Every structure is written in C-alpha cells, then in structure tokens.
Amino acid sequence: MKTKAPLGADLVIPALALGFALYFFISIADLAWEAKANGVLIGALLVFLIAVQLARMARQLARGEGDLRADSLWQPADVTGKRLGMIAVTMAFIAALPWLGLTLALLIAMFAALRIMGVRKRSTLVWLPLAIATAAYAMFIVALDADFPRGPVEQLLGPLFATRT
Amino acid sequence: MTWEFLLDQTAAQLGLWWVIWPAILLGIVIGILPGFSPQNTLIMLLPLTLAVPVEQAFAFMVSLYCANHLSGGIPAILVRIPGSGGAAATTLDGYPMTQKGQAQQALVLSFVASVFGGLITTLATLALLPWLSQIGLYLRSVEMVVVLLFGLTLIAVIAAKDTLKALIAGFFGLLIGVIGTDHIYNAPRATFGFLELYDGVPLVAALIGLFAVSEALVMIEEKMIVSAEGRARAMQTNWADTIDGLRISMRKWWHIVWTSFVGLFIGIVPGAGASIAAFVAYQQSRLWSKHPELYGTGIPEGVIAPEAANNGVTSGTLVPMMALGVPGGTTSAVMMIVLQYHGMVMGPRLFTTNPELAYGVFVAMAVAYVFMIFTILPLARYMARIVLIETTYLAPIIILVTIVAAFSERQYLFDMALALVFGVIGYIAHKTNYHVTAMLIGIILGPLFEQYLVRALRISEGNVAVLFSSTLGNVLWGLLVLSLVLPPWRSYLQRRRTT
C-alpha cells in the first residue's frame, strides 16, 4: 500500500512564510514607495507561490494521496528528546552567558550537551568540555580580546594573561 | 612593468615567507570557523599591521584574505557548514561527495580550484590591470540587477525534485533579506521591534542557523554523517585519493579557468562579493553542463565552480581599490585604512609613484597562493577523517561552537539567539524538503538586489525602462533569458530523442 504524504509537516514553512509576509505588509504600509517596492514585489510573489502550494496540497488531500500528519518533523521519535535537549541547552547557554561568562558557560553547556547525547564515559565528559572551553578562552578572550561577557573564570585568569576582566 | 621588475617583486615577496606563512595558517583557521570574516580579523589585528612596514603588512593581509577564501569550503564539504557565504554553494555538491566517501577528493578539488582559480585571476589582473579597472565603471546598478538575477535564478533550479518548494524557500529568504531599514529613508521594515535588526538580518547568524545548527539537529539521527559504505571508504583513505583528486582537477582545468574569471569580473564591482560570484558560477556551470541533472548529487564540477569563483574574487576586489581608490569590499576597505596610515594615496597615480607596492600586492597574492597549495594539500587526507567522528560528539561541538561564532560578527548576544531561531527554521526546512540553500541565496542576494534596483529606479525617477537602457545590460538580459530557456529546451530535445 502506498504511504500517504504527511502534508501537515509540509504546511509549517508556508505558514511561517505567510505569517511573516502579512506582518511585513503591515509594517511597511505607511512607507514611501522606494522603501516598500521591493518588499511588496517579493511578498506578493511569495503569497502567490504559497497559494499554489496550498492548492496542490488540497488536491493531494482530496485524492487521498496525503493526510495532515506532521510526525515526520520529529521522526525518528527516539532522538526527539536529544534534539529538544540540545535546543534547551543552547537556550540556557545563551541566557547564562552574561552571568557565567564565556568559558564557564561553555564548559557547563558542553558537559550537559554530551550527557544529553548519551555520553556516559567520565573521562570524555571531563576532557572534551574542558578542551573546548579552554580553546574558546584562548582564542576569543586571550588572542582576539572579543567582547564576550566576562565571568568568574575570566576574572580569575585576567591578571595572568593581562586580559580585560 | 617589465619581466625584470616582476622577477624582483617575486623574489622580494618570497623573502617575506615568514609573514606569509603564519598569515595563511591564521586565514585557514578563521576561514573554517563560520562567523569569522577576514575583515573582522584584520580589524582586530590592526595594531600589528599598522606597526610593521607597509610591504610586510600588505603581504600579511592579502595572504590571510586569500587563505580565508580557500578554507571556507572545508567545513562546507565535510559537515555541510559553509565557513562563509562564499562557500555556501560548495555544500551543494561537496557534502554529497563526502556522504559518498569522497571527502578527500572533494577537498583536493576545492583546494586546487581555489588556488589555481586565485592564481590565474591574479596573474590576469597583473597583466590587464588598466583595462580591468574600467569594468567597475561599466557594471552599474542596471547591469548589477541582471547579474544578481543570474544568482537568483539558481533558486529555481536548485531543487530539481520540487521546484515549487525551492521557490517558496527562496522567496521566504528574499523577504527575510528585506528586513531592516531601507536604503533611501532609513525607515525600519519588519524588525519585530528589535534595534539589532535595523541593519538587516546578520548573514553569519543566518548562515550558522540554517546550515550548522539545523544540520547538527538532523545529523543526530544517525551514528555517523557518512553512510556505512562511505565510512568504509573514509577509513581506507590514503595518498592515492589525493592524487585522484588532483587528476580530476587537471581533467577539469578549463572549468577552473572560466569559473574563476566569473569570480574576477564580479569581484571587480564594488559591493559585489564572493557569495554572488560563487552562486552565479555554480548556476552557469550547471547551465552549460552536458549533465545538469547530476548537479547536487556530488559531482566535481559542482565543487570546482563555486570554489574557483570564490577565489577569483580575491584579486578582483583589490582592483577598484588600487586603480580607482574605491574599496571593492569591507576587507579591502580595512586594507585601504592600513595603506593610508602609511601615507599611500590610492588611485591611478599609485602605479607610477609606488609601482613596487601597487603591483607588489598582486605578486604577494600570487606567492601566497603558491605557498597555500603546498601547505593545505597534504592536510586533505587528515581533514577528511573528521567524518569518522560520531555524531554524539560532533553535534554538541557544532551547535555550541558555531553559536559562539555567531556572536563574533557584531558582538551581540541577540545574534546567538537569532542563529538558534534560524536553526529551528532550517531544521523544519530540512525535514520537509524546503531547500535551505535557496533560503540562504535569498537572504544573501535579497538586500543587494534591492540596493541596486532602488538605486537604478531612483536615478530614472521611477521609470522601469531604465533596466533596459544600456547595451551591456541588454546583452546580460539576453544571456539571462537564454539561461532560463536553454535547460528546458535541452531536456525537451533529449526527451524527443529518446522517444
């Protein structure tokens, strides 16, 4: 038996694009033509293409060639936890960066990410985050003096490498 | 300019090997990391380049710049993460080659195309500098609109499986590219109230999200990024694969030559850059190929074209700066600052008042390319082994390191969050076959297209006929129409022949 196409998943990008196009049109409504000509042209073509795609999907649904499932987005299900965990760790990393500083935040995030990915070997859980955090400190803080938020590690090692704290 | 002068210059630049080599190594490292542009690195290293004599400073800067352009293709081939916008087109065929277990060959193809593409165009620039400097004057807004359309048509042909989805992704990208203030009145458009988006969507955050983060979220489904067969091949890699890559490159020498000239001509236009050149070269390579249907499946031409063009740009970017005093891009603007600090006045007079420097820049570039091939080619064998790392380790490293890199372009935490948002959009696009490369083409070329289009319309006071007002522009329009009509016409003829 032929499997039906999961059209629910296929709807996500057009829905996002359509929502954005509508927001775009609202945001440029009061602007001069030079400011909106390009956006209107692109947005109108995008809306047209989405309409064609929706018509195509409706035809597939009517013919019984597809259904509104969206499960292909999170298949295979056994890695969904890992995937969501990675996104959560990244969000937490960005949120904690101003307080913990680059080095410590990266060390903790890397450790957590490896745990989520199923790494259980203690030596790997120690040396890999440590190596990544050390490399980031050496490159971004010591060598390039980039404007990353400074935390306890940067303040502790600052005098040693004459870096900004 | 005499042969004797050129030989003297070459000898002088060879004597600067101690400057060129570290610059190449640094350029390779920052090129591999998405988010690290040569201009940012050169700005950070300004205290160094301002302190040393101008010849050494320039040898350092051009070597770093060229190496950076070369190495952006390495992560594009190995893990489908372009190191820069100019390497985004390389993912289209480079990564499929890796998945087939041909990572080493793909890397060698990329290195050879980059080095010889860069070298040929540098030598051509040296020989034809006075004439090449005029090209920038002929390619104005009207002509650039058509050149950009060449790149944008790639959106339509990029996904042979589902053109409609590719078009939706491409136009979604184009609309995202319009975010930010407009070019005339500085009025904000679709910024969601974020001041950080007033300058437009940061390309690095989009690149990292759409490619690196989304790819990492997808790759955790498998133990390795290569197939079992590919892994077996990758484990047995040896020098023969490097030689095989060299052999393929030699067979495709003409492809390297003509696609690198696409890069040179586009590079000469101020404001145009490696991304446009790489996409246009890929599109043209596919157009004139005898087997366009194989593009995207992992074929050598698909790696050669964008890489040769990407490096053809390097000498082109310097032409308007040296000959006219107009920087062709951000990197050349930084270089110009260094030169002006040392008391050099850019423009036609530089070639008579200081020919050692004016021509020496291009000689330094040629020498850097020669050094580069000997530095990087032996490393291909070892780089290719990255694909043997399990995704359990690779995915967290890619996500966290590239998210950190997203900060580097503008030093905003906002960009890191934006990269994550693009990562989720890219992941959904991956899973539902909406082409992320089409989306990125839109984001890269969209703002440039608007800039040139609005400028042309502004000059003509809104008269659309201005787009067909120049001879060169009309020739380009003709070629564009030809490039759109030719593929379906050829497949029609092929179908007729088979039936």
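Taking the range B:216-231 as the search range and keeping residues that are part of a helix (DSSP H, G or I) and within 12 Å of chain A (Cβ to nearest Cβ), which one is farthest from A:P76 (Cα to Cα)?
B:A216
What tally of residues in the range B:461-499 results from selecting those that are in contact (Cβ under 8 Å) with a residue 24 or more places away in the chain and of a type in the set (S, T, N, Q)?
3
Looking at the structure I just gave you, is B:G117 touching a residue at least 60 places away in the same chain (Cβ under 8 Å) and touching a strand residue (DSSP E or B) at 6+ places or on another chain (Cβ under 7 Å)?
So B:G117 fails the test.
Can you tell me which of B:G86, B:G117 is touching a His at 6+ places or on another chain (Cβ under 8 Å) and crowded, with 24+ Cβ neighbours inside 10 Å?
B:G86
Every residue in the range A:89-107 that is in contact with a Phe, Trp or Tyr (Cβ under 8 Å, 6 or more places away or on another chain) and more than 9 Å from chain B (Cβ to nearest Cβ), please.
Our first condition is that a residue be in contact with a Phe, Trp or Tyr (Cβ under 8 Å, 6 or more places away or on another chain); within the range A:89-107, this holds for A:97, A:101-103, A:105-106.
If the condition is that a residue be in contact with a Phe, Trp or Tyr (Cβ under 8 Å, 6 or more places away or on another chain) and more than 9 Å from chain B (Cβ to nearest Cβ), then A:G101, A:T103, A:A105 are the ones that fit.
Within the range B:254-268, how many residues turn out to be surrounded by fewer than 21 Cβ atoms within 10 Å (Cβ to Cβ) and in contact with a Ser or Thr (Cβ under 8 Å, 6 or more places away or on another chain)?
Of the residues in the range B:254-268, 1 are surrounded by fewer than 21 Cβ atoms within 10 Å (Cβ to Cβ) and in contact with a Ser or Thr (Cβ under 8 Å, 6 or more places away or on another chain).
Name every residue in the range B:448-499 that is among the acidic types (D, E) and more than 29 Å from the chain's Cα centre (by Cα), in order of residue number.
B:E461
Just a yes or no: is a residue in the range B:270-291 among the basic types (K, R) and without any contact (Cβ under 8 Å) to a residue 40 or more places away in the chain?
Yes, the range B:270-291 contains a residue that is among the basic types (K, R) and without any contact (Cβ under 8 Å) to a residue 40 or more places away in the chain.
Go through (1) facing chain B (nearest Cβ under 7 Å); (2) at pLDDT below 90; (3) within 16 Å of B:V424 (Cβ to Cβ) and name the single condition A:L144 misses.
Of everything listed in (1) facing chain B (nearest Cβ under 7 Å); (2) at pLDDT below 90; (3) within 16 Å of B:V424 (Cβ to Cβ), A:L144 misses just condition (3).
Looking at B:I155, B:I184, can you tell me which residue is at negative phi and outside any helix (DSSP H, G or I)?
B:I184
Taking the range A:147-165 as the region of interest, how many residues are within 11 Å of chain B (Cβ to nearest Cβ) and either in a helix (DSSP H, G or I) or in contact (Cβ under 8 Å) with a residue 12 or more places away in the chain (or both)?
Residues in the range A:147-165 being within 11 Å of chain B (Cβ to nearest Cβ) and either in a helix (DSSP H, G or I) or in contact (Cβ under 8 Å) with a residue 12 or more places away in the chain (or both): 2 in total.
Please specify each residue of the range B:437-451 satisfying the condition of being more than 10 Å from every other protein chain (Cβ to nearest Cβ) and surrounded by fewer than 24 Cβ atoms within 10 Å (Cβ to Cβ).
Scanning the range B:437-451 gives a single hit, B:L448.
Hey, can you tell me all the residues within the range A:112-126 that are without any contact (Cβ under 8 Å) to a residue 24 or more places away in the chain and farther than 19 Å from A:I94 by Cβ?
A:V119, A:R120, A:K121, A:R122, A:S123, A:T124, A:L125, A:V126
State all residues of the range B:359-417 that are of a type in the set (V, I, T) and not in a helix (DSSP H, G or I); if no residue qualifies, say none.
B:I389
Of all residues in the range B:301-335, which are in a helix (DSSP H, G or I) and without any contact (Cβ under 8 Å) to a residue 40 or more places away in the chain?
Residues satisfying the conditions are B:M321, B:S332.
Only one of A:L61, A:L45, A:L31, A:L54 is without any contact (Cβ under 8 Å) to a residue 40 or more places away in the chain, over 19 Å from the mean Cα position of the chain (by Cα), assigned to a helix (DSSP H, G or I) and not assigned by TED's automatic domain parsing to the domain that holds A:P129. Can you tell me which?
Numbers: A:L61 fails: without any contact (Cβ under 8 Å) to a residue 40 or more places away in the chain; A:L31 fails: assigned to a helix (DSSP H, G or I); A:L54 fails: without any contact (Cβ under 8 Å) to a residue 40 or more places away in the chain.
Testing whether each residue is without any contact (Cβ under 8 Å) to a residue 40 or more places away in the chain, over 19 Å from the mean Cα position of the chain (by Cα), assigned to a helix (DSSP H, G or I) and not assigned by TED's automatic domain parsing to the domain that holds A:P129 leaves just A:L45.
Say whether the condition of being farther than 14 Å from B:L400 by Cα, surrounded by 13 or more Cβ atoms within 10 Å (Cβ to Cβ), at pLDDT below 95 and over 18 Å from the mean Cα position of the chain (by Cα) is met by at least one residue in the range A:85-98.
Yes - at least one qualifying residue is present in the range A:85-98.
How many of the residues in the range A:12-46 are buried (at least 18 other Cβ atoms within 10 Å of the Cβ) and either more than 9 Å from chain B (Cβ to nearest Cβ) or of a type in the set (K, R) (or both)?
Result for the range A:12-46: 2.
Mind listing whichever residues of the range B:154-167 are at pLDDT below 80, within 14 Å of chain A (Cβ to nearest Cβ) and touching a Leu at 6+ places or on another chain (Cβ under 8 Å)?
B:I155, B:A156
Please work out if B:A240 is at pLDDT below 90, farther than 30 Å from A:E34 by Cα and within 24 Å of the chain's Cα centre (by Cα).
no
The values are calculated or read from the model by the stated rules, or taken from the named source; none is laboratory data. Note that the structure is a prediction, hence the values are computed from the model and not measured. FYI the Cβ positions are ideal-geometry reconstructions off the backbone, even for glycines, and counts take in every protein chain you see.
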